[in-house]
Amino acid sequence: MDTTGTGTAVTRNPTTADTGTTTAGPVPADADTATATGSAATSGPAGAALLVRLPPALPAARTVELDRPGARPAVPGAGAVRVGTGYASCHHGELLQGVFLDERGRHRAGLVTLPMSGPGTRAEFVRRPDAPPGELSVTPADRTKALRAAALAARECAVQRGEPACGGELRLTGDIPVGLGMGSSTSDVIAAVRAVADACGLRLTPETVARLAVRAELASDPLMLDGRPLLFAQREGRVLEVLGDALPPLVVVGCALGGGEPVDTLALPVRAHSDDDVHAYERLRSLLRRAVAEADPVLLGQVSTESARRGQRVLRHAEFGALLDVAGRAEAVGVQIAHSGAVAGLLFDAVRPGLAHRVGRCVRHLAAEGIPVTRTFTTFTTTAETPDGPAQQRRGSAART
């Protein structure tokens with residue numbers, strides 16, 4: 001699936017001359033409560049997009065001095081057009097998602113993401129110090145959440161640098177299927193924030209990136225963090241619990257339910273959670289904590305399968321019964337799903353003998369059920385930021401001196 005599209009930005013800035021340039025308006029002062037605009041997308045053949053290779057790396061960051069008569073930078077370096085880059089990976093749905101108790105005993109929506117390396121979003125941001133902060137554009141034009149994130153990041157970086165915010169152009173490229181529950185919008189948002197910060201010569205903390213991501217899209221996956229298994233409050237952008245250092249070693253056979261068609265998460269019914277629901281999710285949380293501590297893939301599979309079952313009360317995947325049947329016949333330790341999409345996975349113990357045979361049998365059984373296989377991957381992945389932009393390079397150079 002081609003997720004790049006064409007065009008730039010989303011709204012016309014009324015403060016600029018009518019030159020046909022589309023831009024983002026300024027971020028309102030009450031941005032914490034502003035609503036994010038969703039975007040529609042279409043899908044190609046089921047699973048095909050998952051196999052597209054990442055595009056070539058973006059050009060190295062560069063600085064271009066403005067050559068305009070009378071131009072006077074407000075601060076040293078402010079008169080330079082800087083280009084920053086950022087990258088963020090995707091995920092493969094969740095191992096656990098529900099409502100949990102926080103440190104004060106309050107009900108909080110939370111999730112444990114299954115990380116996956118491979119598909120991701122690359123962002124390039126051209127920072128223009130002479131442009132007002134409202135003059136921000138994005139390509140493709142439908143990536144309005146990323147555009148909002150860029151505006152928020154530009155303001156955050158201006159505060160940290162002690163200088164006025166400015167405008168610029170954001171460009172996104174990548175190969176994450178949209179609407180399948182793989183975190184495409186969060187990947188766009190995080191890559192955009194990192195690119196803006198990089199163009200400003202900064203590297204924002206993961207906590208700051210999480211805060212900006214939630215403000216940009218109302219709920220965010222924890223792709224800005226270091227890949228450790230953790231329970232994340234997606235609507236607040238904070239960690240409820242770090243479950244351990246690493247997931248048990250698993251091989252995941254990914255597949256697409258519902259023919260790989262995108263899921264409109266806004267159209268899904270909102271389910272109220274009772275105290276019994278919260279008790280059940282807290283029990284799964286405790287079992288998952290133990291599975292991570294003991295590196296127990298079988299127990300993790302049981303937790304993930306139960307979470308997927310509970311998710312069917314909203315998602316109602318027609319193939320879910322067949323998915324469980326295939327898992328049993330192929331001797332998988334469990335299944336996992338995207339609780340807001342169509343991707344699913346069958347989980348296998350990576351160290352048990354006979355892995356190749358079990359995975360091959362799984363693929364054949366899925367094909368017989370008409371469930372397309374997308375990719376096979378392991379839990380030995382990370383979502384840590386790749387230090388390839390100028391801010392990160394400078395940071396690394398300073399550490400070596």
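Protection proxy ranking, highest mean first, for peptides 199-207, 372-380, 273-281, 108-116: 108-116, 199-207, 372-380, 273-281, where packing is the per-residue count of other beta-carbon atoms within 10 Å, averaged.
Using a 1.4 Å probe over the heavy atoms of the protein chains, calculate the carbon and sulfur portion of the accessible area of the stretch 200-347 as a whole percent. Carbon-and-sulfur percentage of accessible area, whole number: 51.
Using a probe radius of 1.4 angstrom, the carbon and sulfur fraction of the accessible surface of the stretch 81-141 is 47%. The residue list Ala191, Cys166, Thr208 was ranked by how far each Cα lies along the charge dipole of the stretch 164-226 toward its positive end, using unit charges on Cβ atoms, and Cys166 comes out on top. Assuming charge only on the beta carbon of Lys and Arg (+1) and of Asp and Glu (-1), the dipole of the stretch 164-231 about its Cα centre is about 160 debye to the nearest 20.
Taking the DSSP bridge list for the stretch 124-247 and keeping only pairs wholly inside it, about 70 percent are antiparallel.
Overall shape: rounded for the stretch 216-343, with the ratio a/c of the largest to smallest alpha carbon gyration tensor axis below 1.5. Peptides 229-237, 210-218, ordered by how many other C-beta atoms sit within 10 Å of their residues on average, highest first, read 210-218, 229-237.
The values are calculated or read from the model by the stated rules, or taken from the named source; none is laboratory data. Everything numeric here is computed off the predicted structure, so don't read it as measured data. Glycine gets a Cβ as well: all are built from the backbone with ideal geometry, and neighbour counts include every protein chain shown. Areas reflect the complete protein model, heavy atoms only, side chains present, ligands, DNA and RNA absent. Shrake-Rupley method; radii C 1.70, N 1.55, O 1.52, S 1.80 Å.
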